[in-house]
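**Student:** Got a structure for you, written out below as structure tokens; questions coming shortly.
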Amino acid sequence: MFLKIKHFVIIITILGVFSCRQEAHTLSQVKGKQLVINDAIKAIDSIEAFVTPYRNRLNEVLDSALAFAPNMISKEDGRYNTTAGNLVADIILMEAGPIFKSRTGDDIDFVVLNHGGIRSIISRGNITARTAYEVMPFENSIVVVELNGKSVRELVAFLIRAERPHPIAGLQIILDKQGKLQSVNIQSEPFDEHRTYQVATSGYLVQGGDNMGFFKGGLRFTETNYLIRNAMIDYFKKVDTVAPVVDDRFTKLE
């Protein structure tokens, strides 16, 4: 009798376990509908009334003059370096340098960015926070990569092959009349292949963007959590006039 009761309890328990088991559900179909958003959609007064104060305040902040550009600043006004490229690269060297120094005790040696990352000119006239958003609309933060001499040579060779004025600062590349590399200087000192260098760039390029694969050979990566755009805004707040020039940081002897 005891065995029959025991068997009955075991069977009931097994049936209970299986009855409580959740059935596996699989997705069989997804349906979507495209909604067109255009001027045909009428504004809702209550939403407009709620949003308007925030919109006005945002526009006020974005459009307040921070500095002045006496001339247009462009990424197309030089063959080997440009006013816009030089400006952005110099800003990163200046603004991110103290942050990196405070965290690591090291200095940023030079900066390398990509020509395509600059998305707009800076027109003659007032420079605002909106200007920085137009020039650098991406959420790219500044990353400092420690590169050995071999990787720096690859970097320089890439810049020469690219034939595009990728922005640089703290680095000088001089080509001879035939377009061959004559010299490389970093912080006004001849390049030393036997040491390492701290190179500031963007998070996008660290991942190999724009075919800059040499950054993947970095010995150390330091994320500053400082957006390039924010560095630009901070710089504009400190200066009165912004007037970068095309110079000899990357040049070919004539």
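**Student:** Per residue of the chain, what 222 nm ellipticity follows from adding -39500 (n - 2.57) for every DSSP H run with n ≥ 4, rounded to the nearest 500? All intermediate terms of the calculation are to be shown ahead of the outcome.
**Tutor:** Working: 7 runs with 96 residues, N = 254.
Roughly -12000 deg cm²/dmol at 222 nm, from the helical runs in the chain.
**Student:** For region 145-239, run through the trypsin sites (Lys or Arg not before Pro) and keep only the ones in DSSP coil with at most 15 other Cβ atoms within 10 Å of their Cβ. The partial results should precede the final answer.
**Tutor:** Numbers: sites: LYS150, ARG153, ARG161, LYS177, LYS180, ARG195, LYS216, ARG220, ARG229, LYS237, LYS238; in loops: LYS177, LYS180, ARG195.
Of the trypsin sites (Lys or Arg not before Pro), the ones in loops of region 145-239 whose Cβ has at most 15 other Cβ atoms within 10 Å are LYS177, LYS180, ARG195.
**Student:** Now for a separate question. So which GluC sites (Glu not before Pro) in region 79-171 end up in coil per DSSP with only 12 or fewer other C-beta atoms within 10 Å?
**Tutor:** On the way: sites: GLU95, GLU134, GLU139, GLU146, GLU154, GLU163; in loops: GLU139, GLU163.
Answer by residue number: GLU139, GLU163.
**Student:** Provide the per-residue ³J(HN,Hα) series for region 138-144, in order, calculated from phi with Karplus coefficients 6.51, -1.76, 1.60 and θ = phi - 60°, each as a whole number of Hz, with x at glycine and proline positions.
**Tutor:** Per residue, the Karplus-derived 3J(HN,Hα) values read 7, 8, 8, 9, 8, 10, 9 Hz.
**Student:** Can you bin region 174-254 into rounded, prolate or oblate? Criterion: square roots of the alpha carbon gyration tensor eigenvalues sorted a ≥ b ≥ c, rounded for a/c under 1.5, prolate for a/b above b/c, oblate for the rest. Walk me through the intermediate numbers first.
**Tutor:** Values: a/c = 1.99, a/b = 1.17, b/c = 1.70.
It is oblate, given that a/c is not under 1.5 and a/b is not larger than b/c.
**Student:** Report the gain in length on full extension from ARG103 to GLN207: 0.36 nm times residue separation, minus Cα-Cα distance, nm rounded to one decimal. Could the numbers behind the result be given before it?
**Tutor:** On the way: separation 104, 0.36 × 104 = 37.44 nm, distance 2.23 nm.
Residue separation times 0.36 nm, minus the Cα-Cα distance, leaves 35.2 nm.
**Student:** Now a separate question. Taking Cα atoms of the chain, Rg/Rh with Kirkwood Rh, to two decimals? It would help to have the intermediate numbers written out before the result.
**Tutor:** Details: Rg = 28.6 Å, Rh = 22.2 Å.
When Rh is taken as the Kirkwood radius, the ratio is 1.29.
**Student:** Please state the charge dipole magnitude for the chain, taken about the Cα centre, from unit charges on C-beta atoms (+1 on K and R, -1 on D and E), reported in debye and rounded to the nearest 20.
**Tutor:** Numbers: 29 positive and 29 negative charges, 262 e Å.
Approximately 1260 debye in magnitude.
**Student:** Where does helix 2-20 land angle-wise versus the long Cα axis of the chain, in degrees 0 to 90, nearest 10?
**Tutor:** 40 degrees
**Student:** Quick one: helix 149-162 against the long Cα principal axis of the chain, what's the angle to the nearest 10°, folded into 0 to 90?
**Tutor:** 80 degrees
**Student:** Right, here's the next one. Arrange the following residues from fewest to most other Cβ atoms within 10 Å of their Cβ: MET94, MET72. Show your work: numbers first, answer last.
**Tutor:** Values: MET94 16, MET72 13.
Going from least to most buried by this count: MET72, MET94.
Values in this text are rule-based calculations from the coordinates and carry no lab data. None of these values were measured; they are calculated from a predicted model. No Cβ is skipped: glycine too gets one built from the backbone with ideal geometry, and neighbour counts run over all protein chains shown.
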